[in-house]
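Just so it is clear, none of the values below were taken in a lab; they were calculated from the coordinates. Owing to the predicted nature of the structure, the values given are computational and were not obtained by experimental measurement. Every residue, glycine as well, gets a Cβ built from its backbone with ideal geometry; the counts of neighbours run over all protein chains shown.
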Amino acid sequence: MSKQKEHAWEPILNVFRLVYGNETDADSANFLFSKSICALRLYFKSPKVDKQLKEGQESVNSSKDVVCYSLKFAQKNGGFFFR
């Protein structure tokens with residue numbers, strides 16, 4: 001991965017590193033995003049759909065909100081959030 005692409009991922013990775021540790025890289029973050037979406041699809045097919053789907057949606061939305069905030073902060077301040 002080029003230095004510019006690594007740099008662009010940094011605000012997102014910093015959010016994931018708080019939860020999953022400093023070893024998190026761009027591929028790991030992409031996998032975690034995808035895993036969340038696949039989990040929502042499975043919850044939708046579950047007999048306990050209401051509770052599991054709601055919890056899954058809240059989790060994805062919370063992650064999305066934190067990542068968006070981190071990106072906005074980095075863009076506005078020219079630095080990285082959670083550094």
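Before moving on, here are some points about what is shown:
- Per-residue 3J(HN,Hα) values for the range 18-24, derived from phi via the Karplus relation 6.51 cos²θ - 1.76 cosθ + 1.60 with θ = phi - 60°, read 4, 9, 9, x, 5, 6, 5 Hz in sequence order (x marks Gly and Pro).
- Between LYS76 and CYS38, full extension at 0.36 nm per residue minus the direct alpha carbon distance yields a gain of 10.4 nm.
- GluC sites (Glu not before Pro) within the range 7-59: DSSP coil, no more than 16 neighbouring Cβ in 10 Å: GLU23
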